[in-house]
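Comments concern the structure below.
The values are calculated or read from the model by the stated rules, or taken from the named source; none is laboratory data. Since the structure is predicted, the reported quantities are computational estimates derived from the model, not experimental observations. Cβ sites come from the backbone with ideal geometry, for glycine too, and all protein chains shown count toward neighbours. Just the protein is used for accessible areas: all its heavy atoms, side chains included, with ligands, DNA and RNA removed. Shrake-Rupley method; radii C 1.70, N 1.55, O 1.52, S 1.80 Å.
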Amino acid sequence: MDVAIAGGGPAGLTAAKYLSTAGKKVVLFERKLSVGGGMWGGGMAFPVIVVRNDSKHILEEVQISVKDEGNGYYSADSIEAVTKLCSSAIDAGARVFNMISVEDVLLKGKKVNGFVINWSAIEIAKLHVDPISIRANYCIDATGHVAEICNIVRRKVGSLNTPSGDLEKERSMCAEMGERTVVENTKEVYPGLVVAGMGANAVYGAPRMGPIFGGMLLSGKRAAELILKKL
Ligand code: 48H
């Protein structure tokens with residue numbers, strides 16, 4: 001593959017959409033039955049997400065209706081947002097596999113070179129069944145707060161491209177700052193591996209932001225743009 005993505009939340013789906021639209025061969029693995037991650041839950045389980053004017057174009061590009069709430073804030077239906085974002089990625093050519101967990105990475109020299117995957121059911125049951133691997137020129141960790149793939153790489157190689165070399169840990173809520181830093185922190189955290197979405201703030205030690213989802217969308221888009229420059 002050109003790009004393999006772990007995690008089908010808003011950041012992973014947005015990255016898949018932009019990379020596939022640019023003609024890249026993209027695969028996304030999602031551990032659960034359904035993609036969408038935390039976006040299904042909107043704000044405190046009201047099926048509504050909030051975005052600012054800097055990211056509303058991402059929703060509009062895939063025909064998600066947005067409502068102007070004033071002061072540069074817009075709301076959208078979270079169910080519509082997940083389903084349309086996912087179908088736009090698939091329409092653009094991305095292959096989405098649900099019920100598959102990324103449990104390890106392939107390392108070639110000092111570069112992440114793909115994922116090691118297994119059925120989530122096998123993983124959850126802790127069955128002793130060997131996984132398979134998939135090679136990709138670039139990989140994205142879009143696994144959310146846990147930044148699972150970055151944790152795995154940190155354990156395997158000892159040091160990431162962060163100030164301390166370690167995961168810096170997510171900070172307490174500050175919506176304003178978290179929305180900005182999640183885009184800035186969307187980086188190649190190790191050669192071949194870009195971290196996007198909530199994981200980017202978890203890895204680089206920045207705040208969470210509550211039910212504002214624009215940063216997740218912008219982060220997914222930025223991950224795609226970073227990778228497109230390299231491929
Ligand atoms: C396959 C995996 C694996 C694995 C996890 O949590 P997500 O929605 O992540 P983001 O970063 O796209 O969006 C974050 C957002 O939902 C959020 O939590 C916000 C804005 N929080 C703010 C706050 O203050 O709390 O999606 C991640 C997806 C999930 O569907 C997981 O099941 C999946 O990744 N996943 N899939 N292999 N190893 N680990």
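For this structure, a couple of remarks:
- As a fraction of the 1.4 Å probe accessible area of the range 169-231, surface on carbon and sulfur atoms comes out at 55 percent.
- The Rg/Rh ratio of the range 89-169, with both radii computed over alpha carbons and Rh defined as the Kirkwood radius, is 0.99.
- The calculated Kirkwood hydrodynamic radius for the chain is 17.3 Å, given to one decimal from all distinct C-alpha pairs.
- The calculated FRET efficiency for ASN53 paired with PHE97, based on their beta-carbon distance and R0 = 41 Å, is about 0.75.
- Accessible area per residue for the range 1-130 is 49 Å², calculated with a 1.4 Å probe on protein heavy atoms, without ligands, DNA or RNA.
- GNM result for the chain, Cα springs below 10 Å: residue of VAL51, VAL203, VAL66 fluctuating most strongly: VAL66
- Taking only protein heavy atoms and a 1.4 Å probe, the accessible area of the range 1-86 is 57% carbon and sulfur.
- Packing around the peptides 108-118, 183-193, taken as the average count of other Cβ atoms within 10 Å per residue, puts them in this order, highest first: 183-193, 108-118.
- Per residue accessible area of the range 136-231, 1.4 Å probe, in Å²: 40
- In the chain, the DSSP-assigned H stretches of four residues or longer account for a calculated mean residue ellipticity at 222 nm of -10500 deg cm²/dmol, using -39500 (n - 2.57) per stretch and the full residue count as denominator.
- With all protein chains modelled, accessible area of ASP104 [1.4 Å, Å²]: 40
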